[in-house]
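The values are calculated or read from the model by the stated rules, or taken from the named source; none is laboratory data. What you are looking at is a predicted structure, and each value in this text was computed from that prediction instead of being measured. Cβ placement follows ideal geometry from the backbone for every residue including glycine, while neighbour counts extend to all protein chains displayed.
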Amino acid sequence: MDVKLVVFDMDDTLFLERSYVESGFAAVSNMLETAYGRSSFFVEFWQLFQSGRRGDIFNTARDIEGKALTANEIETCVEFYREHCPRIKLLPDSAAFINSFAGDVKTALITDGPQISQRAKILSLGLADLLNAIIVTDEHDSSWHKPGRSAFLSLEKKFGVSREQCVYIGDNPFKDFQAPLSLGWKAIRVRRPGGLHENQVCHYPEVVEVPDLFKGSVEKMGI
């Protein structure tokens, strides 16, 4: 296959998103411990996350007297979480896979999510030094957000490649593959153990599924 452009998703594709969540919970918990005088916030947050709770975990926080946080205090927790400097690393297979590309094959990133948090992840993972282009969709209008096609079209134009020369690698069957497949790109799903979407079924038969980006899996991709 004559591949000229390989584009990655970031969360749960190049690193495990739960490591970012853990890092964020630790940062928020340290802040709350100073303010509220007790030290069990992290344990409580992490247990709720592991049980499947999403979106409102900070709403469960209580001070030492059992009083709930105010709406403004919860918003402060969310901002602190998004703005913290995450302690995360590329998974070994991701780093090796990215570094295997050279010469005519270009690499890029398309990632959804709040601009501040996604840029913090990119910095911590060192992706600016490894990839040829990075697109944080939150820095553009809504047509750039997945499953929109604008980000993909912009990379085609930037690198002057034809659609049959493009590959997208992601993890989320709900939004990662609709746009690239509609454009005629090849699509690959990394279904990592521990990924937040690991148990979701992908209903696109064209998508090749692999458990990681190690050599044996890469050979299955056909790129």
- Query: Do we find a residue being charged (D, E, K, R), assigned to a loop (DSSP other than H, G, I, E, B) and over 18 Å from the mean Cα position of the chain (by Cα) anywhere in region 191-205?
  - Reply: no
- Note on the structure: The lone condition D112 fails out of (1) closer than 30 Å to W185 by Cα; (2) surrounded by 16 or more Cβ atoms within 10 Å (Cβ to Cβ); (3) without any contact (Cβ under 8 Å) to a residue 24 or more places away in the chain is (3)
- Take the residues of region 51-81 that are in contact with a Gly (Cβ under 8 Å, 6 or more places away or on another chain) and either among the basic types (K, R) or not in a helix (DSSP H, G or I) (or both): which is nearest to L196 (Cα to Cα)? D63
- Any chance you could count how many residues in region 175-190 are part of a helix (DSSP H, G or I) and of a type outside the set (A, V, I, L, M)? 3
- Got a sec? Which of L69, L32, L48 is surrounded by 14 or more Cβ atoms within 10 Å (Cβ to Cβ), within 30 Å of T137 (Cα to Cα), out of contact with any Asp or Glu (no Cβ under 6 Å at 6 or more places or on another chain) and not polar (S, T, N, Q)? L48
- Note on the structure: Quick count over region 5-50, residues being part of a loop (DSSP other than H, G, I, E, B) and either in contact with a strand residue (DSSP E or B) (Cβ under 6 Å, 6 or more places away or on another chain) or modelled with pLDDT of 95 or more (or both), is 6
- Selection count where residues are within 14 Å of D112 (Cβ to Cβ) and in contact with a helix residue (DSSP H, G or I) (Cβ under 7 Å, 6 or more places away or on another chain), scope region 141-179: 12
